[in-house]
1. Would you be able to tell me the number of residues in region 101-126 that are in contact with an Asp or Glu (Cβ under 8 Å, 6 or more places away or on another chain) and surrounded by 13 or more Cβ atoms within 10 Å (Cβ to Cβ)?
2. Among the residues of region 81-125, write down those that are without any contact (Cβ under 8 Å) to a residue 40 or more places away in the chain, in a strand (DSSP E or B) and of a type in the set (Val, Ile, Thr).
3. Can you go through 7, 48, 54, 20 and tell me which one is at pLDDT below 90 and under 39 Å from the mean Cα position of the chain (by Cα)?
4. Working only within region 83-127, note down all residues that are of a type in the set (Asp, Glu) and closer than 22 Å to residue 58 by Cβ.
Amino acid sequence: MNHSGRTGFRRIIKSPGGYTIIEAIIAIAVCGAGLAMILGLVGMAIKTEMVSKTIFEQSLEINCIADTINLSLQEESAQSLSERVDQVLASKYPNYQLAGVRPGRQTSLYTLEILHRGGNHIDKRFHIKVFWRPDE
């Protein structure tokens, strides 16, 4: 039996002359799927970087506010805690306001609730713990 004149499906699978069109289409589909996944990850990475940058900047600003408040509480004054905090926020941080003062479980420990109104009118609340002993 002479099998040298094969035709049909077997000839496509065992083509000695190179790649078939089906193999090329499958290779393009696999590369396209891989590229789509990689581009999706790049987009997600860019979005995550923007969000983390915003969080970092806000964290720095809140830490600066806490440091400024703590420094002002070390000075002697006849003002109450809320008056001092309001004064610091009004003078240096106009987008922030004092929403509340809660005494902590320990003596002289207070939790300040600071409210920030963002550019899109979303209120964000931050909590800062401070030590304060009223002047006697």
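1. The first filter runs over region 101-126 and keeps only residues in contact with an Asp or Glu (Cβ under 8 Å, 6 or more places away or on another chain), leaving 101-102, 115-117, 125-126.
Okay, now just the ones that are also surrounded by 13 or more Cβ atoms within 10 Å (Cβ to Cβ), so 101, 115-116, 126.
Residues meeting the conditions: 4.
2. Hits for region 81-125 are 101, 111.
3. On the way: 7 fails: under 39 Å from the mean Cα position of the chain (by Cα); 48 fails: at pLDDT below 90; 20 fails: under 39 Å from the mean Cα position of the chain (by Cα).
Of the residues listed, the single one that is at pLDDT below 90 and under 39 Å from the mean Cα position of the chain (by Cα) is 54.
4. Applying the first criterion (of a type in the set (Asp, Glu)) to region 83-127 yields 83, 86, 113, 123.
Result: 86, 113, 123.
The values are calculated or read from the model by the stated rules, or taken from the named source; none is laboratory data. Just so it is clear, the model here is predicted, and its values are computed rather than measured. Please note: Cβ atoms are built from the backbone with ideal geometry, for glycine as well, and neighbour counts cover all protein chains shown.
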